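All remarks here apply to the structure that follows.
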Amino acid sequence: MEPFIREHKLSFPVLLDPGRKVNEMFVVEGIPKSFVYDRMGSWVAQSIDMRTQKQFLEMLSKAGLE
């Protein structure tokens, strides 16, 4: 994981939870979910999986957020 963090120059903290302690403490279940709302608060897109940057930008485009 460290090489990935350095390669992508991540400046935010990355939680590594190999023992699943945090996962169990916060009862994290399921796969990543993203929801996109337009500026009026209407739901316009969702993904229930991991998104690439291109896919996420396409979701934002649907909301008129570019």
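The values are calculated or read from the model by the stated rules, or taken from the named source; none is laboratory data. On a predicted model such as this, the values are computed, not experimentally measured, just so you know. Please note: Cβ atoms are built from the backbone with ideal geometry, for glycine as well, and neighbour counts cover all protein chains shown. Each accessible area value is taken on the protein alone, full model and side chains, heavy atoms only, with ligands, DNA and RNA left out. Shrake-Rupley method; radii C 1.70, N 1.55, O 1.52, S 1.80 Å.
On the basis of being open to solvent by 100 Å² or more (accessible area, probe 1.4 Å) and out of contact with any Leu (no Cβ under 9 Å at 6 or more places or on another chain), does M1 make the cut?
no
List the pairs whose first member sits in the range 37-66 and is in contact (Cβ under 8 Å) with a residue 24 or more places away in the chain, whose second member is exposed (fewer than 10 other Cβ atoms within 10 Å of the Cβ) and of a type outside the set (D, E), and whose Cβ atoms are under 9 Å apart, counting only residues at least 6 apart or on separate chains?
A63/R39; A63/S42; G64/R39; L65/R39
If you scan the range 12-56, which residues turn out to be touching a Leu at 6+ places or on another chain (Cβ under 7 Å) and either within 23 Å of E2 (Cα to Cα) or exposed (fewer than 11 other Cβ atoms within 10 Å of the Cβ) (or both)?
Selection gives V22 alone.
Hey, can you tell me all the residues within the range 10-66 that are assigned to a strand (DSSP E or B) and touching a Ser or Thr at 6+ places or on another chain (Cβ under 9 Å)?
S34, F35, V36, A45, Q46, S47
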